[in-house]
Amino acid sequence: MTDTDDVGTGVETGVDALAWRDRKRYWWPLGLLIPLSPFLSWLLVEHLHLGLFWATGAWILILVIPIVDVAVGADGHSPPDNVIAELQDDRYYRWCTYLFVPLQYGGLVFAAWCWSYAPMATGEKIALAMTVGVVAGVGINAAHELGHKNNRHERRLAKIVLAQSLYGHFYIEHNHGHHVKVATPRDPASARFGESFWIFLPRSAFGGLRSGWLIESARLRRQGSPVLSPRNSIVQAWSLSAALFGTLISVFEWQILPWLFLQALAGITFLEAANYLEHYGLLRARREDGSFVKARPEDSWNSDHLVSNLFLYQLQRHSDHHANPRLRYQSLRSAPTAPQLPAGYAVMIVCAAVPPLWRRIMDHRVLDYYNGNIELLHSKATI
């Protein structure tokens, strides 16, 4: 399958391919500021002498991006169908994601050095772990972009990126589990109506791990291979994480281990917060026999806020991603027919952490989207 397979109808049609230009083309490298945040944290602490700046990565996520996102507003521009093939083949966009990997690992090694040798109080080490955790969480998103591609090189990079967060099973579960079961009660990564983020978090994390293991086990059995073997992609992922953590501990000693686990937990929490808001309360339509129809753009929340899309490789155009999962991030279109989030992911993730606030903002939107059909919502919440 090529990058342009499974491409649906775009938002804009009939636009001259020679006249259309990606207005964001040279803004995409802004996303690389996230993996650079451990170095930026050190620089700010060194010159401003305030330990709170060890959490610079977290401040960027929960403070800077939301403010700028609100100020700049929505994007409003999607590539027309007749430029998609050219966009897909433009290797510039690939390098914007490839460069994330060495910067991510450079930041992790630097953070390990700081945890081991820098004169830091315990609170400052926790703050740095939050910064590194933001890198790990956005890294899972970068792995999401790379892991959807048929290019073997990109899939290997996805596995490398996931090693930092101990979330290697995501590579299997997301592609072969979530995309099949999305917006159904069988999908652990689709949040139910009325479910708080703090209930969703363990259900999705452990449910996704179980689902990924079952999917990979079934694949190996079909091929006549033992489940516990080097061919098991999840075992490979765990081995890669063990090798990474083992190498860092051998260089910087055991005192960094709690901070490595803390940053992984922070990264997982960030990723699952994005999962939570992407399909909250949505349920795919059913056929007469009770089975679910193919996932449509309307089965994901869409957000076209410009700045947060730049930092998340247009993950917020999630509706088009589920309709056309082979599309690269630069080719994703906004989906005006899909339900719309009132703000970008950075703002909504902060809201999700406060369940009463989240329900006040989102529950009436879900109800309005389904014209008050409580029966649908009840089936989503209880099956």
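The values are calculated or read from the model by the stated rules, or taken from the named source; none is laboratory data. Computed from a predicted structure; not experimentally measured. Here the Cβ positions follow ideal geometry from the backbone for every residue, glycine too, while neighbour counts run over all protein chains shown. In case anyone asks, the SASA skips ligands and DNA or RNA and just uses the protein heavy atoms, side chains included. Shrake-Rupley method; radii C 1.70, N 1.55, O 1.52, S 1.80 Å.
Here the sum of -39500 (n - 2.57) over DSSP H runs of 4 or more residues, divided by the residues of the chain, equals -17000 deg cm²/dmol at 222 nm, to the nearest 500.
Estimate the FRET efficiency between residue 27 and residue 180 by the formula 1/(1 + (r/R0)^6), using the beta-carbon distance for r and 41 Å for R0, to the nearest 0.05. That pair, residue 27 with residue 180, gives E of 0.75. Report the Cα centroid-to-centroid distance between the range 71-119 and the range 167-186 in angstrom, as an integer. Their Cα centres are 23 Å away from one another. When the Gaussian network model of the chain links Cα atoms closer than 10 Å, the mean-square fluctuations of 34, 60, 199 top out at 199. Seen against the Cα atoms of the chain and their longest principal axis, helix 233-252 is set at about 20 degrees. Residue-normalised convex hull volume from the C-alpha trace of the range 166-304: 132 Å³ per residue.
Taking the dipole about the Cα centre of the chain, with the C-beta of Lys and Arg at +1 and of Asp and Glu at -1, give me whichever of 68, 103, 223 is farthest to the positive side. Ranked along the dipole, the leading option is 223. Solvent-accessible area of the range 42-136 (1.4 angstrom probe, protein heavy atoms only): carbon and sulfur portion equals 72 percent. The simple Förster model, with R0 at 51 Å and r as the Cβ-Cβ distance, assigns residue 285 and residue 257 a FRET efficiency of 0.60.
Direction-averaged projected area, Cα convex hull, the range 44-111: 7.1 nm², rounded to one decimal. Computed over the range 170-209, the P(r) curve from all C-alpha pair distances, binned at 10 Å from the origin, holds 34, 56, 10 percent per bin.
Can you tell me which of 182-192, 74-84, 228-238, 271-281 comes out highest on packing, and rank the rest after it, using the mean Cβ neighbours within 10 Å? Could the numbers behind the result be given before it?
Numbers: 182-192: 21.9, 74-84: 17.7, 228-238: 15.7, 271-281: 24.8.
Per-residue mean Cβ counts within 10 Å order the peptides as 271-281, 182-192, 74-84, 228-238.
Straight-line cross-link partners of residue 24 among the lysines, defined as a Cα under 23 Å from its Cα and at least 8 positions apart when in the same chain: 149.
Entry note, the range 221-346: relative contact order of 18 percent, from Cα contacts under 8 Å with a spacing of 6+ residues. When +1 charges are put on Lys and Arg Cβ atoms and -1 charges on Asp and Glu Cβ atoms, the dipole computed for the chain relative to its Cα centre reaches about 900 debye. Please tell me the relative contact order of the range 53-212 in percent, rounded to the nearest whole number, where contacts are Cα pairs under 8 Å and at least six residues apart. Contact order relative to length: 21 percent. For residue 126, the solvent-accessible surface with a 1.4 Å probe is about 70 Å², rounded to the nearest 10.
Just need the relative contact order of the chain here, percent rounded to a whole number, with Cα pairs under 8 Å and 6+ apart.
On the way: 604 pairs, mean separation 90.4, N = 383.
Relative contact order, the chain: 24 percent.
What the Cα convex hull of the chain gives, in volume per residue, is 149 Å³. Taking amide H as placed 1.01 Å from N in the peptide plane, residue 292 has its amide H under 5 Å from the amide H of 287, each at least 5 places away in sequence or on another chain. The lysines whose alpha-carbon is closer than 28 Å to the alpha-carbon of residue 125, local same-chain residues fewer than 8 away aside, are 159. Under 5 Å from the amide H of residue 302 lie the amide H atoms of 340, 341, each residue being 5 or more positions distant or on a separate chain, with H modelled from the backbone and absent for Pro and chain starts.
Taking every pair of alpha-carbon atoms in the range 272-365, give the share separated by more than 16 Å as a whole percent. Mind dumping the intermediate values first?
Working: 2405 of 4371 pairs.
Within the range 272-365, distances greater than 16 Å cover 55 percent of Cα pairs.
Sorting the Cα pairs of the range 319-368 by distance into bins of 5 Å, from 0 upward, gives 5, 18, 21, 20, 18, 13, 7, 0 percent per bin. When the chain is treated as a Gaussian network with alpha carbon springs shorter than 10 Å, the biggest mean-square fluctuation among 343, 295, 85 belongs to 85.
Per residue, how much accessible area does the chain have with a 1.4 Å probe, in Å²?
Numbers: 16630 Å² over 383 residues.
On a per-residue basis, the chain sits at 43 Å².
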